[in-house]
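The values are calculated or read from the model by the stated rules, or taken from the named source; none is laboratory data. Please read all numbers here as calculations on a predicted model, not as lab measurements. Virtual Cβ from ideal backbone geometry, glycine too; neighbours counted across all protein chains shown. Remember, those area values only see protein heavy atoms, side chains included, never the ligands or the DNA or RNA. Shrake-Rupley method; radii C 1.70, N 1.55, O 1.52, S 1.80 Å.
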Amino acid sequence: MWDLRKTAIVLGLLSVSKALTFRQTSSYPPPEPCTGNCTFIHDPSVVRRSDGTWLRFSTVGNIAVATAPALTGPWTYRGALLPQGSTIKLRDDQELWAPDVFFSNGQFYAYYSVSKSGFQGSEVGVATSVTGDVGTWTDHGSVGVPKSTDYNIIDPNFFRECDTCDNVWTFGSAWQGVYQTSLSSDFLKWSGEAPHQVAYNSSHPAHPQDYPSITEGGFLFWWEVSGTKYYYLFFSSGACCNAANDLEAPGDEYKIMVCRATSPTGPFVDANGKNCASGNGGTLVLGSHGNVYAPGGQGVIVDPAVNRVALYFHYANPSIGYAFNQFLFGFNYLDFSSGWPVVTA
Ligand SMILES: *[C@@H]1O[C@H](CO)[C@@H](O)[C@H](O)[C@H]1NC(C)=O
Ligand SMILES: *[C@@H]1O[C@H](CO)[C@@H](O)[C@H](O)[C@H]1NC(C)=O
């Protein structure tokens, strides 16, 4: 991937659209099929309910909720998670973003960001529901993580390995990257644990695009490889969103990275052993290829129907368009046998 991109830049002859075509030589498999409503998707969060129904939550329209009988679909849009918006009021033009949903203690918890592009005063709220269905959610307002000039409180991710384990709450974007703290035992409020940085990239370029390159969207997942339990921190790196006339230099657009640790709170390192908070570490899992542009906003889930681990994400298909409402839901299976997640057919 990187060599191809460098070659494209060095040649200096290729327009951005040619460079996209050029990158189709990548060996990544295409996304698995998605049927039904797979469009207008950003920052998806997917859970499987005990009755076998899959629920998909995503950024648009006060958190879009869709359901399907399988990860492949067919997906049906059901409406907004919070039709009236959040009880958190930060500004008139605020938006709800990047939900993260999990099931515990007999109910679903949905964390969501309240933000606006370029705004650092964001907060994360939490809502609960027994079924997860539209119309059944109760908003509990902000989890109350203290604001800081170091980070922006968006892109939440809740992680708890077992019913008696401590929870780990990952968040953050832009400014100094991805942080972790924890929540109270009812999962509704900040625990008081000081946030610590887990992923940051000091070499992101400053550039004129509307959407700068940033490190965000942390998602924690554990997997055991040859008797060792690893905690994988997936995150998105680059510029999330683009217009057709304002594309990033190839390679600076969104892509999915991973780091790992032997503890859920780090320190996380990449496949070359580089620290992901202090050494710009991060190993590429999935970048643009073929009809996939700027994959990111990812999550990871075990699909019991096929007994495989799925990496799901949003992406743009250049043959459809790059507009915000044209982003698609996609997923690929992961193979962890090398100790690092590899996208596989
Ligand atoms: C498809 O889902 C999106 C949200 O992801 C929603 O905005 C749109 O209205 C849905 N389309 C239909 C036809 O239901
Ligand atoms: C850090 O940023 C540089 C410049 O955008 C990019 O080439 C590199 O892939 C990024 N690394 C990570 C781990 O995000």
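For LEU286, the criteria (1) open to solvent by less than 20 Å² (accessible area, probe 1.4 Å); (2) closer than 19 Å to GLY177 by Cβ; (3) modelled with pLDDT of 95 or more hold in every case but one, which is (2). Considering every residue within the stretch 231-238, establish whether at least one is open to solvent by 60 Å² or more (accessible area, probe 1.4 Å) and within 16 Å of ligand 2 (Cβ to nearest atom). Scanning the stretch 231-238 turns up no residue that is open to solvent by 60 Å² or more (accessible area, probe 1.4 Å) and within 16 Å of ligand 2 (Cβ to nearest atom).
The residues of the stretch 104-138 that are over 19 Å from ASP163 (Cα atoms), over 20 Å from the mean Cα position of the chain (by Cα) and hydrophobic (A, V, I, L, M, F, W, C), listed by number, are VAL134, TRP137.
Considering the stretch 294-340, and only residues there that are among the hydroxyl-bearing types (Ser, Thr, Tyr) and more than 27 Å from PHE268 (Cβ to Cβ), the residue that is surrounded by the most Cβ atoms within 10 Å (Cβ to Cβ) turns out to be TYR322.
ALA66 meets all of the listed conditions (1) touching a residue at least 40 places away in the same chain (Cβ under 8 Å); (2) within 24 Å of ASN307 (Cα to Cα); (3) in a strand (DSSP E or B) but one, namely (1). Annotation: of all residues in the stretch 250-265 being of a type in the set (A, V, I, L, M, F, W, C) and under 17 Å from LEU286 (Cα atoms), the one that is farthest from ligand 1 (Cβ to nearest atom) is CYS259. Apart from one condition, TRP97 fits all of (1) within 16 Å of ligand 1 (Cβ to nearest atom); (2) over 16 Å from ASP155 (Cβ atoms); (3) of a type in the set (A, V, I, L, M, F, W, C); (4) open to solvent by 10 Å² or more (accessible area, probe 1.4 Å); the exception is (2).
Answer yes or no as to whether THR87 is within 27 Å of LEU286 (Cβ to Cβ), modelled with pLDDT of 95 or more, away from ligand 2 (no atom under 16 Å from the Cβ) and in contact with a strand residue (DSSP E or B) (Cβ under 8 Å, 6 or more places away or on another chain).
Numbers: within 27 Å of LEU286 (Cβ to Cβ): no; modelled with pLDDT of 95 or more: yes; away from ligand 2 (no atom under 16 Å from the Cβ): yes; in contact with a strand residue (DSSP E or B) (Cβ under 8 Å, 6 or more places away or on another chain): yes.
When the stated conditions are applied, THR87 does not pass them.
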